[in-house]
Amino acid sequence: MSHLIAPSILSADFANLQRDVEMINNSDADWIHVDIMDGMFVPNISLGFPVIKAIKKHAKKPLDVHLMIMDPDRYLQNFKDAGADILTVHWEACPHLHRTIQAIKALGMKAGVAVNPHTPSNLLSEIIADIDLVCVMSVNPGFGGQKFIEHTYNKISTINEMIGATKSKALIEIDGGVDMNNYKRLIDMGAEVLVAGNTVFSSADPMQAIADLKKI
């Protein structure tokens with residue numbers, strides 16, 4: 001499988017959100033990455049359900065919804081109703097993670113687990129076989145435009161080993177600081193989904209930036 005590109009809508013122009021969603025529709029991108037922040041799990045607040053529904057109305061590609069929120073179990077049905085196709089929760093925010101994953105899947109969504117930069121990869125060992133996606137945070141969550149954390153490469157290797165050992169079908173997604181200088185190495189290391197925000201939306205030609213990120 002060729003790697004997937006998921007432009008982060010958090011970096012889009014919110015005054016022209018329909019335009020930017022349609023740009024992604026017409027591009028080589030595979031998913032639309034939607035970051036949800038509650039001001040408690042991370043020191044920032046982002047999108048609510050009406051905005052997600054508005055994105056879904058125009059999106060022709062799956063919504064990859066990343067919950068950077070406390071107690072996400074309260075809202076799983078809401079995110080399903082708003083249009084999430086893939087729903088990722090944070091390991092650090094879920095005391096009953098297996099139950100949360102089961103609930104996401106029971107609602108008909110694919111289930112992902114994200115880990116912060118400081119969280120050891122081996123803590124995923126008991127859940128890796130049950131999930132569809134591992135989102136490796138390569139910056140500290142909460143804000144776009146941060147510098148890529150180099151230790152991410154080691155985490156990819158460790159997670160790849162766990163996936164092989166458990167025969168998991170989980171895809172490895174990298175979120176944060178993905179750019180034209182590191183994306184090929186990330187793919188070589190085993191990353192299968194690349195989230196790109198500033199690299200796409202700060203480009204003079206976002207569609208070309210997406211096309212470039214798809215190149216091996």
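When the range 117-140 is filtered for residues that are of a type in the set (Gly, Ala, Ser) and either in a loop (DSSP other than H, G, I, E, B) or under 17 Å from the mean Cα position of the chain (by Cα) (or both), the ones remaining, listed by number, are 121, 125, 138.
Going by what's in this entry, would residue 149 be described as in a loop (DSSP other than H, G, I, E, B), touching a residue at least 24 places away in the same chain (Cβ under 8 Å), among the aliphatic types (A, V, I, L, M) and buried (at least 17 other Cβ atoms within 10 Å of the Cβ)? The answer is yes for residue 149. For the range 155-178, a residue qualifies if it is acidic (Asp, Glu) and free of Cβ contacts under 8 Å to residues at least 40 places away in the same chain, and exactly one does: 161.
Of the numbered criteria (1) out of contact with any helix residue (DSSP H, G or I) (no Cβ under 6 Å at 6 or more places or on another chain); (2) more than 30 Å from residue 205 (Cα to Cα); (3) of a type in the set (A, V, I, L, M), the one residue 133 fails is (2). With the structure loaded, tell me whether residue 143 is at pLDDT below 95, in a loop (DSSP other than H, G, I, E, B) and either farther than 24 Å from residue 190 by Cβ or among the polar types (S, T, N, Q) (or both) or whether it fails that test. Considered against the rule, which asks whether it is at pLDDT below 95, in a loop (DSSP other than H, G, I, E, B) and either farther than 24 Å from residue 190 by Cβ or among the polar types (S, T, N, Q) (or both), residue 143 comes out as yes. Only one of the numbered conditions (1) farther than 19 Å from residue 164 by Cα; (2) touching a residue at least 24 places away in the same chain (Cβ under 8 Å) is not met by residue 130, and that is (1). Restricting the range 30-72 to residues that are buried (at least 16 other Cβ atoms within 10 Å of the Cβ) and among the charged types (D, E, K, R) leaves a set whose member that is nearest to residue 107 (Cα to Cα) is 64.
For the residues 156, 172, 187, the requirement of being more than 21 Å from residue 27 (Cα to Cα) and in a helix (DSSP H, G or I) singles out 156.
The values are calculated or read from the model by the stated rules, or taken from the named source; none is laboratory data. This is a predicted model, so every value here is computed, not measured. When we count neighbours, we look across all protein chains shown, and the Cβ atoms used for this are built from the backbone with ideal geometry, even at glycine.
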